[in-house]
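The values are calculated or read from the model by the stated rules, or taken from the named source; none is laboratory data. Quantities reported herein were computed from a predicted structural model and do not represent experimental measurements. Reconstructed Cβ throughout: ideal geometry from the backbone, glycine too, with neighbour counts over all protein chains shown.
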Amino acid sequence: MSSTLSRAETWSLLTLSAACVGVLVKTYQDDGEPLFASLALGLAAFAASYAMIVWLGDAFIAVGRKGTDMSKKHKVEIPETMGAVCGVVYIFAIIIFIPFAFRRDIVAATSGGGSKDAVLNVEHVETGRILHRFPLSKLSSYAYALISVALIYILGIADDIFDMRWRHKVFIPAFASIPMLLFYYVDFGVTQVVVPILLRPYFGELLNLGSLYYAYMAAVTIFAPNSINILAGINGIEVGQSIVIGILILLNSSLYILPLSSTTTSPPNQATMDVHLFTIYLLLPFLGVSLALLKHNWYPARVFVGDTYCYFAGMVFAVVGILGHFSKTLLLLFLPQIANFIYSAPQLFHIIPCPRHRLPRFNARTGLLEPSVTTHPPEKPLRKPLVPVLELLHALHLLEVKKDESGRIISSTNLTLLNLWLVWRGPRREDRLAIEILSMQMCVGLLGLWVRHRLALLVFTQDNRAVGGSHV
Amino acid sequence: MQDLSRTETYSLGGVAAICFAILVNAWKSDGEPLFASLAISGIAFAFTYALIRWTGDVFIKRGYKGRDLSKKNAVEIPEAMGLVCALVYLLAVVNFLPFAFKHDIAEVTSAAIDKDRLLEALDIETGRFLHRFPLEKLASYGFAYGTLASVTILGILDDSFDMRWRHKFFIPAFAALPMLALYYVDFGVTHVVVPLPLREYLGDLVDLGGFYYLYMAAISIFCPNCINILAGVNGIEVGQSLVIALLIVLNDMLYILPTVNQPHPAAESHLFSVYLLLPFIGVSLALLKHNWFPAKVFVGDTYCYFAGMVFAVVGILGHFSKTLLLLFIPQIFNFIYSAPQLFAIVPCPRHRLPRFNARTGLLEPSVATFTEEKPLRPLVGEVLKLLDRVKLLRVQVSEEGRVTETTNFTILNLWLVWRGPLREDRLAIEILVMQTAVGLLGLLVRHKLALLLFTVDNRF
């Protein structure tokens, strides 16, 4: 892989960056809408990540951050852990965005442009500027979101460098989530959930989960990164699924901030708008860095993303879901990942033997991917109770077993969504498989959002979009 | 993975257990942040100590290793152990945050207090209304933490990729951006108080405007880098950081103890500084135990970045950055003294740490040599001879009067010129004692003599 940008790349990235800087300067001077600044930063983050991935590839290989792509005829060595570049660019993009997010609040509080009653003068150098009615909780939400992402990023790098054991890795996101949970407690503290109509006779309208709610949020934070990490193994799938989920969340948030007259009788309240704008501001740079990474990681991949990317992406989603008060909607969008996790569970928990790698097997002759299998040789046969279970799953078309002449199971396909898809659809090329999985993710997500908003009325008394901001 | 000895296991376990008990107690009784901070620092010490021992092999396997050149047998030991410190520190502070705010939350939401002061939780749509909750305190911790997390990330990248000095130098400025953002958005004071002698020219207060941010960025760049330069002897990086940290805590105490009128307006920010420094002292002590002569691990650039940034953060957000610089006087001196070599006015060899004499087992000043083919510029040669005359270095002169070698321009070498060859730990101890003495003197000057330069010592 070359370590310099081509001429076309250089010019287009430079132009893009210049345009973004221009937009940022103008937005700053004119107290413009932070949304433009966020868009500009997202695009600038794209340009920066794109270039840095190209420039740093050799440096990564030189220090040992490299891997071999097993699903190619010619096994080349390419840089690994490129998610590290994305993470750094993302963190700084958000930091740079913060002044833009608060520009109007500062101006309102300190300039003569607002009503004089709203301004308190600078009194003394020891006490500083008093920012009356400055949204300090909003400021804190950025800080704590940033901390959570930074922490998980550090732990992700440590994982990639030191190749930690799974039992250590699982809890990393939980620790990284503590700042965010603290902030939630301090700033919002709602631990009640709205009960579906069907269950109301038993639980009442609102159920207070108390500290279980925090356990639930910690679980979301552990789950999101790890589940992206499991739905992996083919070029572009980790970044691709993250981009799809990111776009779906953006779509969901837009529904709250756009003035769609057909569905709302009153404009959305300020708190809801703020929280969904916050989500959008955090997601735009994420999409920027992810698109840049996808460009290099898509089939045929020139870089690998590493566990760092999966942790990073999962945490960004967990943060916006929790601080944006739509964690259940987030889980709806994660349905394919949840399905993959449940489907994988027997192997993850070693009920069924689990090989080191479960990614689809590459057939060098055809150039296509086929389901990978776990073999059960005569020396280490499958445990007796599992045989009927596997045969049942085979009958239900949920995996494929091969038997020898005596009817003993000698191999079974590995329990991952990617392998299952290949069982259903037959061998296909790596990029075709990725596209199909991503399309499935997009459809399931769109369906989920549609169900969430249209059918919410059947399950709850109101769709929270029409009225105000309760947590769903 | 190396194991802890039985004594170590029992003592560390004991320390951790006691601290945990204190922590539980503190939580029950409304937070008690100071005790919580002390307890968490104790746990951090135990955890760091153990982790360093347990992960040494993994670090070596992954290529993070170095040779100790100042030993008879130059063994290979793990490098970049500062990463472990930084990570445990970040986790410790994360766990401390609830204790810092428990009192404020309890104050605002308990039914035990005056009903007038309590605003009810209105509706699930709006959530609990935390009236008069110190949100700026929450934001301060958040952005300080963001800065320290950023510098840890950049330290890891530096130790992983072995960056060139010209790139490394500015890393801390990027890491400091969260703090600068907070300062801009939340506080925004860019005035400085002018010393009395200059007031006729500049007035009482001078508004530095954007330069203040440059000044803060400069402090963020300066602190980590100059800890990094005063290095090369076992235990010196961690040792100097510990000394500085203890001096800052001493300074903070002066504002918190009942010797001044409480609540002192600066008490809040000095408590903030103490809460951030105690876990730092905990993890650093653990690292020192493994890094002191003879070293079993190296600390890496990660530690220097991390330590320097902790100081920069507490100094800036605690509004005592000039006092901080006073405590950095030895480092500042070392930087100025090193400058001719750093900027290549005098040729600079790859390593400038003191030279180990295998025969005596002592350290001697290391030198830079100038041969006939690559002679020193005549003017520079004369300056060097002058510096030799005032005992600021030692030169060797050939018969023609040409300078053939000079001791390297670092404070460690200079100390050896003055005191003769010393064993490595003796040198480290003497430097640290000097640092402590200079720091104490600096604090004395700052508080007693402040009245000469300004109209008030802000302590009263």
* Asked: If you check A:271, A:301, which single one turns out to be under 30 Å from residue A:415 (Cβ atoms), assigned by TED's automatic domain parsing to the domain that holds residue A:438 and either surrounded by 14 or more Cβ atoms within 10 Å (Cβ to Cβ) or of a type in the set (A, V, I, L, M, F, W, C) (or both)?
  -> A:301
* Structure fact -> Among A:398, A:386, the single one that is modelled with pLDDT under 85 and either among the hydrophobic types (A, V, I, L, M, F, W, C) or assigned by TED's automatic domain parsing to the domain that holds residue A:247 (or both) is A:386
* Report yes if residue A:239 is in a strand (DSSP E or B) and more than 9 Å from every other protein chain (Cβ to nearest Cβ), otherwise no. => no
* Asked: Do we find a residue being in a strand (DSSP E or B), in contact (Cβ under 8 Å) with a residue 40 or more places away in the chain and not basic (Lys, Arg) anywhere in region A:351-366?
  -> yes
* Selected residue (only one of A:92, A:60 is of a type outside the set (D, E, K, R), part of a helix (DSSP H, G or I) and crowded, with 23+ Cβ neighbours inside 10 Å) -> A:60
* Where residue B:232 falls short, out of the listed (1) of a type in the set (Gly, Ala, Ser); (2) part of a helix (DSSP H, G or I); (3) at pLDDT below 90 -> (2)
* Taking region B:219-229, which residues are under 10 Å from the mean Cα position of the chain (by Cα) and either outside any helix (DSSP H, G or I) or at pLDDT 90 or above (or both)? -> B:223, B:227
* Asked: Has region B:18-32 got at least one residue that is modelled with pLDDT of 90 or more, assigned by TED's automatic domain parsing to the domain that holds residue B:90, within 18 Å of residue B:85 (Cα to Cα) and buried (at least 18 other Cβ atoms within 10 Å of the Cβ)?
  -> no
* Does region A:180-198 contain any residue that is facing chain B (nearest Cβ under 9 Å), part of a helix (DSSP H, G or I) and at pLDDT below 75? -> yes
* Selection within region A:63-87 - assigned to a loop (DSSP other than H, G, I, E, B) and within 14 Å of chain B (Cβ to nearest Cβ) -> A:63, A:64, A:65, A:80, A:81, A:82
* **Search result, residues across region A:1-34 that are more than 30 Å from residue A:68 (Cβ to Cβ), in a helix (DSSP H, G or I) and charged (D, E, K, R)** => A:7, A:26
* Asked: Which one is farthest from residue B:69 (Cα to Cα) among residues in region B:397-444 that are of a type in the set (S, T, N, Q) and either part of a loop (DSSP other than H, G, I, E, B) or at pLDDT below 90 (or both)?
  -> B:398
* **Scope region A:326-350; condition closer than 12 Å to residue A:249 by Cα and in a loop (DSSP other than H, G, I, E, B); matching residues** => A:326, A:334
* Any idea which of A:228, A:178 is hydrophobic (A, V, I, L, M, F, W, C) and touching a Cys at 6+ places or on another chain (Cβ under 6 Å)? -> A:228
* Structure fact -> Flagged in region A:88-102 as closer than 17 Å to residue B:142 by Cβ and more than 8 Å from every other protein chain (Cβ to nearest Cβ), in numbering order, are A:94, A:97, A:101
* For residue A:6, state whether it is without any contact (Cβ under 8 Å) to a residue 24 or more places away in the chain and among the small types (Gly, Ala, Ser). => yes
* When you go through A:177, A:211 one by one, which is the residue that is buried (at least 18 other Cβ atoms within 10 Å of the Cβ) and of a type in the set (Gly, Ala, Ser)? -> A:177
* To do: List every residue pair whose Cβ atoms sit under 8 Å apart, with the two residues 6 or more apart in sequence or on different chains, where the first one lies in region A:166-193 and is in the same structural domain as residue A:222 (by TED's automatic domain parsing) and the second, anywhere, is basic (Lys, Arg) and outside any helix (DSSP H, G or I).
  => A:188/B:128; A:189/B:128; A:190/B:128
* To do: Identify, by number, the condition in (1) without any contact (Cβ under 8 Å) to a residue 40 or more places away in the chain; (2) of a type outside the set (Ser, Thr, Tyr); (3) surrounded by fewer than 17 Cβ atoms within 10 Å (Cβ to Cβ); (4) within 14 Å of another protein chain (Cβ to nearest Cβ) that residue A:52 doesn't meet.
  => (3)
